[in-house]
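Participant: Take a look at the following structure, please.
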């Protein structure tokens, strides 16, 4: 049996009500944080998030618990690298509750995300980080992430979006 405040990092089981509740709670906390946009999830998103993730075999999530307290979440979604003709995994959300940041919880969760990506045969992990989120950028660089470029003469890629 583990200590009551021991950190456990697990692949989320979307059918497990404890995991499902933790996932929504943590993603809502992240969305409400300035780094996540500063707006809580809509009622629709809170209600439908886990069922929609369940419907997508390319999605997986990793949760961190200190004892029974959920403290961290990573959502990952498999894509495909046409150049490598292999899967890639986009790290879509990385969230650690404010009172638990700086304890390397994000690093531990990303280790499991990487292990699952390797099991899936992925050639790389991708992610986006806001320029103003220096602690997260330092974490990602420390564990091996770097800016994306194909040819240094062409510069680094820029992340862009278009709302539909």
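Rule-based calculations on the coordinates, nothing more; no lab input. Just so you know, these numbers come straight off a predicted model, no measurement behind them. We place every Cβ from the backbone using ideal geometry, glycine too, and count neighbours over all the protein chains shown.
Participant: Which value at 222 nm does the chain reach when only helices count, each DSSP H run of 4 or more adding -39,500 (n - 2.57), with the total divided by all residues and rounded to the nearest 500 deg cm²/dmol?
Facilitator: -10000 deg cm²/dmol
Participant: Using alpha carbons only, how many angstrom separate the centre of region 134-164 from the centre of region 1-68?
Facilitator: 25
Participant: With label points built 7 Å along Cα→Cβ from the Cα atoms of residue 138 and residue 81, find their separation and express it in nm.
Facilitator: It works out to 2.9 nm between the two label points.
Participant: Percent antiparallel among DSSP beta bridges with both residues in the chain, to the nearest 5?
Facilitator: 90
Participant: Among 19, 92, 48, determine the one that fluctuates most according to a GNM of the chain built with springs between C-alpha atoms less than 10 Å apart.
Facilitator: 48
Participant: What length, rounded to one decimal in nm, is gained on full extension from residue 154 through to residue 43, with 0.36 nm per residue of separation minus their alpha-carbon distance?
Facilitator: Extra length available between residue 154 and residue 43 comes to 35.7 nm.
Participant: Here is a further query. Which of these values of Cα Rg over 2.2 N^0.38 Å was calculated from the structure shown: (1) 0.96; (2) 1.23; (3) 1.06?
Facilitator: (3)
Participant: Another one. When only Cα pairs under 8 Å and 6 or more residues apart are kept, what is the percent relative contact order across the chain?
Facilitator: 19
Participant: Next question. Of 61, 32, 42, which is the most mobile in a GNM of the chain whose springs link Cα atoms less than 10 angstrom apart?
Facilitator: Maximum fluctuation in the GNM of the chain, among the listed residues, is at 42.
Participant: Given a 10 angstrom Cα cut-off, can you work out which residue in 113, 89, 129 is the most mobile in a GNM of the chain?
Facilitator: Highest fluctuation among the options: 129.
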